[in-house]
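Enquirer: Mind looking over this structure? Questions follow.
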Amino acid sequence: MSEFEGKVAVVTGAGGGLGRCHAIEFAKRGAKVVVNDLGGSVDGTGQGDMADAVVAEIEQLGGTAVANKASVSDREGAKSIVQTAVDAFGRIDILVNNAGILRDKTFKNMTLDEWDIVMNVHLNGTAYVTHAAWPLMYEQNYGRIVFTSSGSGIFGNFGQANYGAAKMGMLGLMNVLALEGANHNVRVNTLGPGAATRMTNTVPGRSEDLGEPDPLRHPKLVSPAVLFMCSEDAPNGAVIHASNGNFSMSQIVVNQPVELGADAVYEDLEPLRDRLMDMTGAKPRERRQPRRRG
């Protein structure tokens, strides 16, 4: 029997692309799935019935799923996504935050409305849905949560200041929640995916054939990393990258400090520029342990 048998999984933005593949893979392994999708366009406008189509697809495979069409960026809508899981299946064990939109422009040409809407969907939306699920997972002493980040945030990508900032913000949220949930077996990890989707096809220079995609660019090749981060033996506080059938992990590392003491001034530091910028032997900083329960 699969370790996901009987688990209740919520996947946001699951009407297509990565989210659809995640939802199907959970369902194939016996999980009961809430398929959330507003059904709008890549820029976040409009709505539709994409979630219903994925539910029908899962049911045709013999799985169990229900649809939710709320927006993650609406606080009440975010709550309703988790409530759908509780109403339909009695609990929530797994949350994959996948919903997202794009409003790409260089920062010079970006309006603050274009900044806000991307931050609201990606970062606030992730926080809103997670906030609704958190106390339930905390009390049942079990939960697996995935944030969907991007190389645009982790490494940077021209013309995606709003998207990149939101995606990198997820790592900060993960770092804190991985500590806060550890004593209650709630593990939080972050995905850095790469695949051919209708969202990536809006990025200049990345147009791909979604009808007959390159097999190595298929979104389903990202899903193994998501299931890994939601497994019984999942890591906690990890950033896992998945694309083209390749899987890897990235970490923030810190080098040895240049120690100047309490009287440090710029004129002391500047001559030591090479030492300061030398990352030879850099290591991850040891994660601080929770100070208390509760």
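Enquirer: Got a number for residues in the stretch 9-40 being in contact (Cβ under 8 Å) with a residue 60 or more places away in the chain and over 18 Å from the mean Cα position of the chain (by Cα)?
Expert: Matching residues across the stretch 9-40 total 3.
Enquirer: Could you please find all residues in the stretch 5-33 being farther than 13 Å from V54 by Cα, out of contact with any helix residue (DSSP H, G or I) (no Cβ under 6 Å at 6 or more places or on another chain) and surrounded by 24 or more Cβ atoms within 10 Å (Cβ to Cβ)?
Expert: Selection gives A31 alone.
Enquirer: In the stretch 64-122, how many residues are basic (K, R) and not in a loop (DSSP other than H, G, I, E, B)?
Expert: Within the stretch 64-122, the first condition is being basic (K, R), and the residues that meet it are 69, 75, 79, 91, 103, 105, 108.
This time we only want the ones that are not in a loop (DSSP other than H, G, I, E, B), so: 75, 79, 105.
Here the count works out to 3.
Enquirer: Can you name the residue in the stretch 224-278 that is without any contact (Cβ under 8 Å) to a residue 12 or more places away in the chain and closer than 23 Å to V186 by Cβ and, of all such residues, is most open to solvent (accessible area, probe 1.4 Å)?
Expert: The extreme case among them is D233.
Enquirer: How many residues are farther than 17 Å from M110 by Cβ and in contact (Cβ under 8 Å) with a residue 40 or more places away in the chain if we restrict to the stretch 152-183? Please lay out each step first, then the result.
Expert: Narrowing the stretch 152-183 to residues farther than 17 Å from M110 by Cβ: 154-155, 170-183.
Checking which are in contact (Cβ under 8 Å) with a residue 40 or more places away in the chain leaves us with 154, 170-171, 173-175, 177-183.
The total comes to 13.
Enquirer: Suppose we filter the stretch 123-144 for residues that are in a helix (DSSP H, G or I) and open to solvent by 20 Å² or more (accessible area, probe 1.4 Å); how many remain?
Expert: Filtering the stretch 123-144 down to residues in a helix (DSSP H, G or I) leaves 123-140.
If we keep only those that are open to solvent by 20 Å² or more (accessible area, probe 1.4 Å) too, we end up with 123-124, 127-128, 131-132, 134-136, 138-140.
Going through the stretch 123-144 one residue at a time, the tally reaches 12.
Enquirer: Of all residues in the stretch 34-63, how many are outside any helix (DSSP H, G or I), crowded, with 22+ Cβ neighbours inside 10 Å and at pLDDT 95 or above? Talk me through it step by step, then tell me what you get.
Expert: The first filter runs over the stretch 34-63 and keeps only residues outside any helix (DSSP H, G or I), leaving 34-49, 61-63.
Restricting the remaining residues to those that are crowded, with 22+ Cβ neighbours inside 10 Å gives 34-38.
Those still in the list that are at pLDDT 95 or above too: 34-37.
Residues in the stretch 34-63 being outside any helix (DSSP H, G or I), crowded, with 22+ Cβ neighbours inside 10 Å and at pLDDT 95 or above: 4 in total.
Enquirer: Give me the pairs: first residue in the stretch 57-83 and of a type in the set (S, T, Y), second residue modelled with pLDDT under 95 and open to solvent by 70 Å² or more (accessible area, probe 1.4 Å), beta-carbon distance under 9 Å, and six or more apart or on different chains, which are they?
Expert: Within 9 Å, the pairs are S71/Q47.
Enquirer: Might you let me know whether the stretch 89-107 holds any residue that is small (G, A, S), open to solvent by 10 Å² or more (accessible area, probe 1.4 Å) and under 13 Å from V11 (Cβ atoms)? Don't jump to the end; show me each part of the working.
Expert: Keep residues of the stretch 89-107 that are small (G, A, S), which gives 90, 99-100.
Within this subset, residues satisfying the condition of being open to solvent by 10 Å² or more (accessible area, probe 1.4 Å) are 90, 99-100.
Filter once more, so that each one left must be under 13 Å from V11 (Cβ atoms): 99-100.
Yes, the stretch 89-107 contains at least one residue that is small (G, A, S), open to solvent by 10 Å² or more (accessible area, probe 1.4 Å) and under 13 Å from V11 (Cβ atoms).
The values are calculated or read from the model by the stated rules, or taken from the named source; none is laboratory data. The structure displayed is predicted, hence computed values, not measured ones. Cβ coordinates were reconstructed from backbone atoms using ideal geometry, including for glycine residues, and neighbour counts include every protein chain displayed. To get the accessible areas, we keep the full protein, side chains included, count just its heavy atoms, and leave off ligands, DNA and RNA. Shrake-Rupley method; radii C 1.70, N 1.55, O 1.52, S 1.80 Å.
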